[in-house]
Structure formats: C-alpha cells, structure tokens
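Trainee: A single structure is presented below for examination.
The values are calculated or read from the model by the stated rules, or taken from the named source; none is laboratory data. This is a predicted model, so every value here is computed, not measured. Positions of Cβ are backbone-derived with ideal geometry, glycine not excepted, and every protein chain shown enters the neighbour counts.
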Amino acid sequence: MPVTIEIPTAFRRFTDGTPKYDCSAATIAEALNDLTARFPALSRHVRDEEGQIRQFLNVYLNEEDIRFLGGEACSLKEGDRVLLVPSIAGG
Amino acid sequence: MWRYAELLPLTEDFRAPNAVGGTPLVAASKLAARLGVRKLYVKNDAVCFPSLSFKDRVVGTALVAARRFGFATVGCSSTGNLANAVAAQAAQQGLDACVFIPADLETAKVLNTAVYGARIVRINGNYDHVNRLCAQVADRFQWGLVNVNLRPYYSEGSKTHGYEIAEQLGWRLPDNVVVPMAGGSLITKIAKAFKELVTLGWVEEKPVKFFGAQATGCSPISDGVKRGLARFEPQKPNTIARSLAIGNPADGPFAMKQIRESGGWAEDISDPEIVDAIKLLAETEGVFTETAGGVTAGVTQKLIRQGRIGADETTVVCITGNGLKTTDAIAAEFPVTEAIAPRLEAFEAHLDSQLTVAAAAK
C-alpha cells in the first residue's frame, strides 16, 4: 500500500534533509524497513541492537500510537500516514 | 530557589527575574501519627510562587534560557500546572505565551492560565496527543517550548525541590522520598540534586530510597516497576489526577531505573483513595493539595502499610500542587448546607439538629 512516513527534524540529517518518504508497505514493520533500507544511516536510530523499535521513538499510525494497535505488525492501508516522533525526555 | 543559581544552567551575569520556590518543609507530626510513623515531612510546593505548583521551578530556569536564546514566544504542552507557570512568568517577563492543553482539563487550571493573557490552544485528545503536536510545533516554529526544545534547562529547575529538602532537614538527606510521577522527570532530578550535594560535601552520603506515586487510572511507571518490566507499557489515562495523566511518560525509563537502583518501589491508588488522601492531608496538616498531591499522600499511606517505609525512618512526601486548582474532584464530598436566619434562636436550633444528626450517626 502506498503510505507516507513523516520524518522529524532530528532525523533529517540522516535522510539528506527529506521530511517525508513515500513507500509501499503492508505493515508498519515493512514501512520502517523500507525507510531504513533507503537511508541506512537512520537504521540505528530507529531500531536497537536487538532489532526492537527504540524505546525513545514513538511511532504513530495516523492518530494512534502503534503500541495500542498491536505494535509494528499492524497493517497499513492506502494513504496512511506514519509519524515518527522522538520522546523528549531527560535533560 | 535562586540561592542555588550556581548549581543551575545559568550564565554568570544572571539576575533573578522573580522569586520562585523556597517553599516550606512541614514537619507532619499529625499525619505521621495517623499513619503510624514518627518522622514524616511534607515538602509543600502547593504554595510555590507564583502559580502554586512545583512547575514554577522548571519554568524559572527555562525562561532564563528562552530569553538568552532570544525567543519572543514561549509555550509548553501541559496538563495544567505547567501552563499556569508558563503564563504567569511569561507575563511577568514580557514574553508572549502560547500553551497547549488537553481539551478536558479542569476549569480552574484553564482559568489560571487565561488570566495572565496567555494564548490557550485546547487539543481534542489526551496529554500524549498534545505532546506529540508540540514536538511538531517546536520543529516548525521558532518558539521556546519549555518542556520540548528548552527541556534541558527546564528539567534542571526540578533539582531545587531536592536541594531545599536537604537544606531544610539541616543539610541531611532523608531515608525515603515519595514523589508523584507524570512524565517521570521530577523523581530523577531530586536524585540528581541529592547526588550533587554529596559531591559538593554539603551533605553526608547515605542511601535514599525513591518511591514513585501514580493514580491507578494512569500508572504506566508503577505498573512497570511492580511487574518488573524492562519497558513500561503505555496506557490511555482515565483518572481524576489529570496533572499526572501521561500515558506515555518520556522519562518513565529513567524513573523506573532510579526507583529500582535505590531499593525503592512504586505504587498507585484509585480515584476514591485520592479524594480520601486529599482530605487526610488537609485535616491533619492544614495542607490543601490537588489530586496529584492526593496520589502522593495516599501512596505514602499504602507504602507504610506494606512495610516498605519504616516507622523510624525519615520520609519526605513531595506535594507538588495546590488544591484550589482541582476543587471539582472533591466538590461532591462537601454538599452545600442549608442557610439559616441571622438569629440566635435559629443558630441554636441548627446546633440542636446537628447534634441530633451526630448522635444518630453513632
């Protein structure tokens, strides 16, 4: 399915400044894999050493956090927006 | 709190813009007796200046940074108290304020922001939605959002709550602190403050147990601690403690680590228990706290009953906000009484009927 991934400013230095990435994917996992295959430098900021989505990265499918949708296996439909929003913690 | 300026991220030519913090540490002997312990203290940020919550501290340091970086507009994502603090201090310092809040916030908290002339943007969604939007707003606009792009400066302000506790205990650390958790930052910053005072040699090093308090209706951190999870599971908040209603707490992982490494624990209580605890703190110590403070007081009671807090240990309960902000939550407890005529006989009759009611209740 054609979907759009929105990339936060903090990640754009790994995407040559690209703020949005269109791809075709059936699940969130596929979409993220497509994104990190296209921009390999982004890979370690999306997933940890065990391949899990990083704890401080929130992934939204349209309005909802994917952790309420069954995680990255949740399926996508045409025109979905996938938002990557880093948690802003600490300091 | 500016007496600790050297320990905060400020420049050398810093001049305090306003008075913030410096709140009482109340020796809570009546509450202690009721709970069956001996040395209990309430750090009372319900009377923090200027906007009656500990958020005045974090906004204090954040706005100094905002002015240094040249932001003309400041703002925040907020469950209420932070919006109050940003609006009040921005007004005093001549900055524009634009705050983002969940649409269902308590009326008093919205009013306490509006009165200072701040722009308020109500969001259809919970705090986590508001926070997500603010991360995007900070990306797009040249605004200083205190808990987003000014966060490192903001969060350091929380340390002053901890410095004051140590100073008011006579430059000693307590055995236990009980801290409310929303985003989970405060508990880690009190720990940082204690550590810094040890490093400076101002207090003697000793183990301090950190206890976190949440409402059961929004308890991702306490749930994570109690179930021994590696990662907390986000929740959809449903509690009267709206100032703690953050289902996806950004500092949750750090809070869990701090609690575990200190040998502390986390607990949560139900909404009725929150109301009971608000009344308990008011009736014993004359401190009227908001729902978040009810959570902290009620969880303290629970931890004492569980034996996790000992009777002879020194415990500080961190009360972070004022009860006048969440009167809706307890209004049903106090129905309006019947008015009487301004005559002595009417009062005597009233007194008689009260005594009859009291006798019947026995």
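Trainee: Being in a helix (DSSP H, G or I) and basic (Lys, Arg), is that true of even one residue in region B:7-18?
Mentor: Among the residues of region B:7-18, not one is in a helix (DSSP H, G or I) and basic (Lys, Arg), which makes the answer no.
Trainee: Taking region A:57-79 only, how many residues are touching a helix residue (DSSP H, G or I) at 6+ places or on another chain (Cβ under 9 Å), within 23 Å of B:Gly125 (Cα to Cα) and loosely packed, with under 14 Cβ neighbours inside 10 Å?
Mentor: To start, the set of residues in region A:57-79 that are touching a helix residue (DSSP H, G or I) at 6+ places or on another chain (Cβ under 9 Å) comprises A:57-61, A:63, A:65-66, A:69, A:71-76.
Next, only the ones that are within 23 Å of B:Gly125 (Cα to Cα) stay: A:57-61, A:63, A:65-66, A:69, A:71-72, A:74, A:76.
Adding the requirement that they be loosely packed, with under 14 Cβ neighbours inside 10 Å leaves A:63.
Result for region A:57-79: 1.
Trainee: Among residues belonging to region B:124-141 that are more than 25 Å from the chain's Cα centre (by Cα) and at pLDDT 90 or above, point out the one that is surrounded by the most Cβ atoms within 10 Å (Cβ to Cβ).
Mentor: B:Val137
Trainee: Turning to a different aspect of this structure: Looking only at region B:124-150, count how many residues are more than 9 Å from chain A (Cβ to nearest Cβ) and in contact with a Leu (Cβ under 6 Å, 6 or more places away or on another chain).
Mentor: 1
Trainee: Would you say B:Ala182 is within 14 Å of chain A (Cβ to nearest Cβ) and within 15 Å of the chain's Cα centre (by Cα)?
Mentor: Taking the combined requirement at face value, the residue satisfies it.
Trainee: Quick one: count up the residues across region B:72-99 that are of a type in the set (A, V, I, L, M, F, W, C) and under 19 Å from the mean Cα position of the chain (by Cα).
Mentor: Summing the residues that are of a type in the set (A, V, I, L, M, F, W, C) and under 19 Å from the mean Cα position of the chain (by Cα) in region B:72-99 gives 8.
Results for (1) within 11 Å of chain B (Cβ to nearest Cβ); (2) more than 15 Å from A:Phe11 (Cα to Cα); (3) modelled with pLDDT of 95 or more, shown as yes or no for each residue.
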position	(1), (2), (3)
A:Gln52	yes, yes, no
A:Gln55	yes, yes, no
A:Asn58	yes, no, no
A:Glu64	yes, yes, no
A:Arg81	no, yes, yes
A:Val85	yes, no, no
A:Ala89	yes, yes, no
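Trainee: Now a separate question. Within region B:151-172, can one find any residue that is touching a Phe, Trp or Tyr at 6+ places or on another chain (Cβ under 8 Å), within 22 Å of A:Glu63 (Cα to Cα) and either crowded, with 21+ Cβ neighbours inside 10 Å or away from chain A (no Cβ under 14 Å) (or both)?
Mentor: no
Trainee: Now a separate question. Among the residues of region B:316-362, write down those that are exposed (fewer than 10 other Cβ atoms within 10 Å of the Cβ), in a helix (DSSP H, G or I) and of a type in the set (D, E, K, R).
Mentor: Selection gives B:Glu345 alone.
Trainee: Report yes if some residue within region B:96-109 is free of Cβ contacts under 8 Å to residues at least 24 places away in the same chain, surrounded by fewer than 22 Cβ atoms within 10 Å (Cβ to Cβ), in a loop (DSSP other than H, G, I, E, B) and of a type in the set (A, V, I, L, M); otherwise report no.
Mentor: Within region B:96-109, the first condition is being free of Cβ contacts under 8 Å to residues at least 24 places away in the same chain, and the residues that meet it are B:103.
This time we only want the ones that are surrounded by fewer than 22 Cβ atoms within 10 Å (Cβ to Cβ), so: B:103.
Filter once more, keeping what is in a loop (DSSP other than H, G, I, E, B): B:103.
Narrowing the set further to residues that are of a type in the set (A, V, I, L, M) leaves B:103.
For region B:96-109, residues free of Cβ contacts under 8 Å to residues at least 24 places away in the same chain, surrounded by fewer than 22 Cβ atoms within 10 Å (Cβ to Cβ), in a loop (DSSP other than H, G, I, E, B) and of a type in the set (A, V, I, L, M): present.
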